[in-house]
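Remarks on the structure that follows.
The values are calculated or read from the model by the stated rules, or taken from the named source; none is laboratory data. Remember, it's a predicted structure, so these values are computed and weren't measured experimentally. Cβ atoms come from the backbone with ideal geometry, glycine included; neighbour counts cover every protein chain shown.
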Amino acid sequence: MMLALLPSALLVAGLSSTPNADPALPFATWKLKNGMQVILHEDHRVPLVAVDVWVHVGSGDEVPGKSGFAHLFEHMMFQGSEHVAEDRHFAVLREVGASTINGTTNFDRTNYFEVVPSNQLETALWLESDRVGTLLSHVNEESLKNQRDVVRNERRQRVDNVPYGTSRMALFAALYPEGHPFRYQVIGKHEDIEGASLQDVRAFFRTWYAPANVTLALAGDVDEATARALVDKWFGSLLSPPRPVKRPFPVVALAKNERLEVKDRFAKLVRLQWTWHGAAQYSADDPDLGVVGDALGAQGWGRLHRRLVVDEPLAQDVSAGPSGMNATGQFSVGVTLKPGVDPARVEAIVREELVRLLAEGPSADEVRRSVVDTETNLLFSLDDLLGRAEKLQSLNHYTGDAGGLSAYLARVRACTPESARAAARRWLAKPRVLVITVPEQAPPATPAPGPSGGAK
Amino acid sequence: MTGPLLASLIALAAHSGEVDAPAVRAPAPDRTTQPAAGPERDVAQPPIRQFSFRGIKGYLVERPGLPLVQLELSWNVGGAGDAAGKEGMTSLCVDWLGEGSKRLDKNALENAKADLGARLGIGAGTEAASLSLAVVTTRLEPALALAAELLTEPGLRPADLERLRSQAKAAVVQARGNADGAAGRAWAAAFWGRSHPYGHVAEERTLDAVTAADCAGVHRQLAPEGAELLVVGDVTVEQLVPLLEKAFATWRGKAPARSRVGPPRGLKGAVFFVDIPGAEQSKVIVGHGGPSRDARDYAATTVMTQVFGQGLSSRLVQNLREKNGYTYGASASFGYRRSGSAFTAQSSIRTDATGKALREIHGELLGMTTTPPTDDELRRERDGGLRAFPARFATNAAVLRSVGELLSYRLPLDTWQRWPAELRAVDGAAAAKAVKDRLQPTQKVVVAGDRTKVLPELEALAKEGVFGKDGLVILDADGRPAK
């Protein structure tokens with residue numbers, strides 16, 4: 001049905017295609033005695049290794065009054081541990097030639113990663129195991145105070161001081177009731193960040209940073225015998241407290257449609273965003289909702305993009321699609337309007353296209369284009385070692401099977417107009433939140449058209 | 001190639017899903033010292049194969065592996081050449097080419113791209129226009145045909161130009177409204193000057209002034225002779241060139257050579273301010289002019305700049321973020337152009353700390369002179385840079401960047417082969433000399449922030465002459481002195 005993605009004869013070290021032309025990610029996986037899981041993908045072409053630590057805790061595991069804490073904690077993991085002095089983590093990695101160093105926090109997981117020359121792998125494992133094992137010997141009031149400031153600056157830079165940042169906060173508050181751990185997004189509330197204490201840091205570490213709650217992925221130029229020996233050396237002797245029990249995220253529903261108008265000091269273009277509660281990442285409906293999102297909002301050929309950006313043209317940009325998390329997700333349609341356009345007109349068009357899609361489903365051509373796009377994006381994401389480590393980690397975290405790539409691709413390719421329509425009906429016929437962002441000060445009127453006729 | 005593959009497939013079969021424990025538990029290791037490195041594997045720059053067709057100079061780096069090809073076809077055509085009063089012209093006109101061909105209107109073209117899974121685009125920056133394509137190898141041939149069709153049989157439908165024009169105008173409206181966007185526009189005007197080729201600031205009226213005839217002039221320049229093509233991926237020269245010859249069989253014409261660009265001629269003033277009412281952070285840009293990319297002390301300048309302002313360990317970030325908590329991040333670099341460069345240190349600073357942070361940035365710049373890069377800092381940035389060398393060629397995108405840099409700045413194709421030796425030679429004296437030669441004692445400062453909270457501090461800084469004696473100038477978000 002689909003265009004052949006890969007030549008069937010393709011065989012390379014590290015990455016391979018199976019006979020039915022899927023990209024495959026060969027890997028080995030094992031567990032240490034203390035419960036820590038290891039995933040290894042070998043590729044010896046370039047002397048680099050991606051070291052990617054996933055801790056299975058995120059902001060969704062926070063308790064009320066502690067919003068933003070999981071992310072603040074991630075910052076503290078870069079502030080030193082028993083044998084690595086304050087601010088040395090980055091410096092050591094930089095000196096050994098790390099080319100990518102960072103950490104990120106989501107609703108359901110936290111990751112820490114670096115890509116290092118393969119002959120320096122042991123230094124990366126030393127650093128990672130020291131903070132996973134001995135963070136609490138080092139944390140102190142001074143560095144916590146500093147990181148509270150840094151994280152609040154991060155919130156300003158991502159939320160408070162940028163166009164549409166306030167609207168996103170308002171959206172989450174409308175989707176998730178007070179007490180739900182997603183309500184204040186990953187970044188959290190200023191007052192909660194400010195209120196985070198050393199005691200919170202200690203308790204969070206003791207609860208969540210057990211080796212049994214950690215998965216280490218290595219991707220690149222290291223053989224399995226070496227990987228097993230080095231990982232066991234640095235992580236094998238860490239204590240093994242019990243694996244923490246995760247509370248399931250509360251699954252919530254909207255009782256009725258919500259409509260919010262948010263004034264924005266920095267956005268100068270009106271934006272409409274519709275958001276539904278959606279399917280979890282890698283869940284049965286996720287690929288079909290991806291197809292639905294593309295059919296509506298794919299750049300260039302999605303129906304809303306075509307109608308609102310190209311044909312009419314009322315909108316500056318359009319986006320649509322699912323964003324899945326563990327156990328739940330969202331589906332959004334966003335439209336940024338050109339200056340002077342009547343939001344009611346755009347609202348009517350979006351409603352019309354949604355009704356049509358729910359009634360008829362996407363066309364076979366739209367399904368095919370969406371699948372080709374997913375296949376192509378996947379291949380490009382596997383070009384770098386960290387991308388491969390992240391893919392293995394993500395499959396492992398969300399599906400429990402790091403080897404789930406082929407099954408995932410098969411599921412994507414099994415999408416049909418009918419399955420996409422059914423998924424759309426299951427999720428998008430429910431109540432949703434519409435956030436309308438309105439510039440606080442209207443932009444100046446558009447000057448008169450120039451010699452070529454100007455805008456229509 | 002199949003040996004390691006078979007081995008890894010066998011490993012996969014043997015171990016996937018297995019949960020086992022090491023037979024002998026490892027003793028606790030000595031954590032007090034950093035482990036020793038293993039033996040280093042030498043990595044050479046992958047060979048750059050040259051070819052030519054229809055007057056285009058071609059460069060290919062073969063990367064067998066994933067069946068992907070990425071390419072960039074570039075011309076010496078950019079916004080630097082926009083006529084006064086038509087700022088934004090080149091970008092708008094080049095975008096127009098990406099909207100369709102004679103045969104395919106916008107919607108049909110988008111369908112064709114999506115059917116191929118081809119990431120195909122064309123656009124222009126300040127100094128170069130380029131067509132870029134990323135596609136699965138098996139669909140390279142039809143994707144190249146589509147790319148060629150855009151260039152040789154352009155659609156140029158008036159409705160497409162008007163749509164792009166109104167989008168470009170809306171983007172201007174949006175950019176004026178926030179600290180990041182406004183500071184970038186003000187910096188172009190304050191440092192380069194709005195009439196300088198690198199300082200153009202597009203506005204609604206300049207975009208409205210662009211005509212279809214202007215665009216015809218731009219499009220004539222996007223011709224084969226004088227263009228450069230860089231290709232990276234799972235393809236050989238022997239496979240590639242016949243595909244190119246076939247796709248571009250009817251393409252003719254001469255593209256322009258490079259034009260020289262003079263030194264900056266920015267506005268008189270030391271501190272420039274743009275009001276963003278209610279801003280919770282101020283975007284600050286502190287900088288001055290710099291050398292061109294082919295300067296002999298490029299390696300020393302790079303190391304010195306990294307010590308100053310790149311990464312969490314740098315002096316700038318340690319000060320503004322880790323010591324003072326004024327910001328989430330900061331960075332400094334020389335932004336190279338084909339002629340010259342601009343050194344800038346940039347950050348988004350919590351509004352109430354704007355003045356204090358500017359004093360700290362100034363202090364750290366002075367500190368580079370009084371305390372040049374130390375041995376520890378040099379080891380971190382120089383030796384780290386040497387060890388990180390393989391990452392420059394580890395992905396298609398990285399190769400495109402590394403080799404593209406050589407083409408952009410007309411550097412010899414063996415530049416990366418010589419780079420490790422040049423980097424290794426950066427000692428304390430070389431770094432200190434780069435500080436002395438390349439960091440200037442006075443800077444221009446652009447701040448976009450909340451006037452009621454920030455302006456008094458900036459007035460004090462200007463009065464004291466911290467950043468030079470040319471005073472404070474208030475600009476609008478188009479970089480014009482405010483009335």
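A few points about this structure:
- Flag for B:A21 being under 24 Å from A:V38 (Cα atoms), in a loop (DSSP other than H, G, I, E, B) and either at pLDDT below 95 or outside the structural domain of B:H219 (by TED's automatic domain parsing) (or both): yes
- Condition met for B:E204 (under 22 Å from B:P158 (Cα atoms) and out of contact with any Asp or Glu (no Cβ under 9 Å at 6 or more places or on another chain)): yes
- Residue count, the range A:132-151 (criterion: within 10 Å of chain B (Cβ to nearest Cβ) and out of contact with any Asp or Glu (no Cβ under 7 Å at 6 or more places or on another chain)): 6
- Close pairs from the range A:400-419: first in the same structural domain as A:P362 (by TED's automatic domain parsing), partner among the β-branched types (V, I, T) and not in a helix (DSSP H, G or I), Cβ under 9 Å, at least 6 apart: A:A402/A:T29; A:A402/A:I39; A:A402/A:T215; A:G403/A:T29; A:S406/A:T18
- Of all residues assigned to the range A:100-109, at least one qualifies as being in a strand (DSSP E or B), surrounded by 22 or more Cβ atoms within 10 Å (Cβ to Cβ) and of a type in the set (S, T, Y).
- Qualifying residues in the range A:317-336 (those that are among the hydrophobic types (A, V, I, L, M, F, W, C) and closer than 22 Å to A:S419 by Cα) - the one surrounded by the most Cβ atoms within 10 Å (Cβ to Cβ): A:F331
- Considering the range A:43-64, and only residues there that are hydrophobic (A, V, I, L, M, F, W, C) and within 19 Å of B:R63 (Cα to Cα), the residue that is farthest from the chain's Cα centre (by Cα) turns out to be A:V46.
- Residue check for B:S313: at negative phi, assigned to a loop (DSSP other than H, G, I, E, B), among the polar types (S, T, N, Q) and surrounded by 22 or more Cβ atoms within 10 Å (Cβ to Cβ): yes
- Within the range B:265-296, the residues that satisfy the criterion of being in contact with a helix residue (DSSP H, G or I) (Cβ under 8 Å, 6 or more places away or on another chain) and within 14 Å of another protein chain (Cβ to nearest Cβ) are B:V274, B:D275, B:I276, B:P277, B:A279, B:E280, B:Q281, B:S282, B:K283, B:V284.
- Between A:P343, A:P339, the distinction of being buried (at least 21 other Cβ atoms within 10 Å of the Cβ) and over 30 Å from A:E42 (Cα atoms) belongs to A:P339 only.
- For the range A:359-371, the criterion of a residue being farther than 22 Å from B:L116 by Cα and surrounded by fewer than 22 Cβ atoms within 10 Å (Cβ to Cβ) is satisfied by at least one position.
- Flag if B:R165 is within 13 Å of chain A (Cβ to nearest Cβ), in a helix (DSSP H, G or I), crowded, with 23+ Cβ neighbours inside 10 Å and among the charged types (D, E, K, R): yes
- Only a single item in (1) surrounded by fewer than 18 Cβ atoms within 10 Å (Cβ to Cβ); (2) farther than 30 Å from A:F380 by Cβ is not met by B:R382, and it is number (1).
- The sole residue among A:A295, A:A253, A:A320, A:A280 that is in the same structural domain as A:K430 (by TED's automatic domain parsing) and either charged (D, E, K, R) or assigned to a loop (DSSP other than H, G, I, E, B) (or both) is A:A280.
- The range A:300-310, subset within 8 Å of chain B (Cβ to nearest Cβ) and either in contact with a strand residue (DSSP E or B) (Cβ under 8 Å, 6 or more places away or on another chain) or free of Cβ contacts under 8 Å to residues at least 24 places away in the same chain (or both), residue farthest from A:A348 (Cα to Cα): A:G300
- Matching option when the condition is surrounded by fewer than 20 Cβ atoms within 10 Å (Cβ to Cβ), out of contact with any strand residue (DSSP E or B) (no Cβ under 8 Å at 6 or more places or on another chain) and at positive phi, among B:G471, B:G465: B:G465
- Selected residue (criterion: nearest to the other protein chains (Cβ to nearest Cβ)) from residues of the range B:202-213 that are part of a helix (DSSP H, G or I) and buried (at least 19 other Cβ atoms within 10 Å of the Cβ): B:D208
- Among the numbered conditions (1) touching a residue at least 60 places away in the same chain (Cβ under 8 Å); (2) out of contact with any strand residue (DSSP E or B) (no Cβ under 7 Å at 6 or more places or on another chain); (3) within 11 Å of another protein chain (Cβ to nearest Cβ), the only one that B:V135 does not meet is (2).
- A:E42 out of contact with any helix residue (DSSP H, G or I) (no Cβ under 7 Å at 6 or more places or on another chain), at negative phi, crowded, with 22+ Cβ neighbours inside 10 Å and at pLDDT 95 or above: no
- Residue list for the range B:72-119, filter: within 14 Å of another protein chain (Cβ to nearest Cβ) and among the hydrophobic types (A, V, I, L, M, F, W, C): B:A83, B:M89, B:L92, B:C93, B:W96, B:L104, B:A108, B:L109, B:A112, B:A114, B:L116, B:A118
- Among the residues of the range A:230-278, just one is free of Cβ contacts under 8 Å to residues at least 60 places away in the same chain and more than 30 Å from B:P27 (Cβ to Cβ), namely A:V245.
- Exactly one residue out of B:D294, B:D275 is within 18 Å of the chain's Cα centre (by Cα) and not assigned by TED's automatic domain parsing to the domain that holds B:D180: that is B:D294.
So that you can scan it fast, the table gives a plain yes or no per residue for (1) free of Cβ contacts under 8 Å to residues at least 24 places away in the same chain; (2) outside any loop (DSSP other than H, G, I, E, B); (3) not aromatic (F, W, Y):
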{"residue": "B:E322", "(1), (2), (3)": "yes, yes, yes"}
{"residue": "B:Y328", "(1), (2), (3)": "yes, yes, no"}
{"residue": "B:R338", "(1), (2), (3)": "no, no, yes"}
{"residue": "B:T344", "(1), (2), (3)": "no, yes, yes"}
{"residue": "B:G355", "(1), (2), (3)": "no, yes, yes"}
{"residue": "B:I361", "(1), (2), (3)": "no, yes, yes"}
{"residue": "B:L365", "(1), (2), (3)": "no, yes, yes"}
{"residue": "B:T369", "(1), (2), (3)": "no, yes, yes"}
{"residue": "B:P372", "(1), (2), (3)": "no, no, yes"}
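- Picking from residues in the range A:221-237 that are of a type in the set (G, A, S) and within 9 Å of chain B (Cβ to nearest Cβ), the one that is nearest to the chain's Cα centre (by Cα) is A:G236.
- Restricting A:S406, A:S363 to residues that are at pLDDT below 95 and within 14 Å of chain B (Cβ to nearest Cβ) narrows the list to A:S406.
- A:E128 facing chain B (nearest Cβ under 8 Å), touching a residue at least 24 places away in the same chain (Cβ under 8 Å) and charged (D, E, K, R): no
- Being closer than 20 Å to B:Y298 by Cα and outside any loop (DSSP other than H, G, I, E, B) is a property that B:E459 lacks.
- Failed item, numbered, when B:E364 is tested on (1) surrounded by fewer than 20 Cβ atoms within 10 Å (Cβ to Cβ); (2) at pLDDT 95 or above: (1)
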